[in-house]
1. Looking at 60, 47, 12, can you tell me which residue is surrounded by 16 or more Cβ atoms within 10 Å (Cβ to Cβ), on the phi < 0 side of the Ramachandran plot and assigned to a helix (DSSP H, G or I)?
2. Given the structure, is residue 66 at pLDDT below 90, hydrophobic (A, V, I, L, M, F, W, C), within 14 Å of the chain's Cα centre (by Cα) and loosely packed, with under 12 Cβ neighbours inside 10 Å?
3. Taking the residues in the range 24-44 that are closer than 14 Å to residue 11 by Cα and not hydrophobic (A, V, I, L, M, F, W, C) as candidates, determine which candidate is most open to solvent (accessible area, probe 1.4 Å).
4. Taking residue 18 and the conditions (1) touching a helix residue (DSSP H, G or I) at 6+ places or on another chain (Cβ under 7 Å); (2) open to solvent by 60 Å² or more (accessible area, probe 1.4 Å), which numbered condition does it fall short on, given that it satisfies the others?
Amino acid sequence: MDKERRSGRWMLYGANGYTGALIAKLAAERGERPILAGRRRPAVAALAERLGLDHRVFDLSDARALARQLEDVDALLLAAGPLLADERQRGRGLPPGAHPLPRHHRRGRCL
């Protein structure tokens, strides 16, 4: 991605889950403006409204939808879990040069 095109925008997927909501709240308190995202429209929209943030709703299993949703985003923080149905899907649909970060998760604790 060209440096001129970087916007500093980031997305938090899984925002309406326990860990995602904690991250969203902390980010908003620190003045960050992440785009909140997830599969469940009512839950994601309610959290976004409460925190005054933008939101998007899509499923990670749809590679085309994922690519479209990430077109204007520089970073994606994946808080969905604890495990995706198919961990291999994490990297599907990411733009060229983007790589999913490895994730180690135990209930109530991220390692």
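The values are calculated or read from the model by the stated rules, or taken from the named source; none is laboratory data. Just so it is clear, the model here is predicted, and its values are computed rather than measured. Because the Cβ atoms are built from the backbone with ideal geometry, glycine has one as well, and the counts that use them run over all protein chains shown. Areas reflect the complete protein model, heavy atoms only, side chains present, ligands, DNA and RNA absent. Shrake-Rupley method; radii C 1.70, N 1.55, O 1.52, S 1.80 Å.
1. 47
2. No; evaluated as a whole, the condition is false for this residue.
3. Checked the range 24-44; the qualifying residue most open to solvent (accessible area, probe 1.4 Å) is 39.
4. Just one mismatch for residue 18, condition (1).
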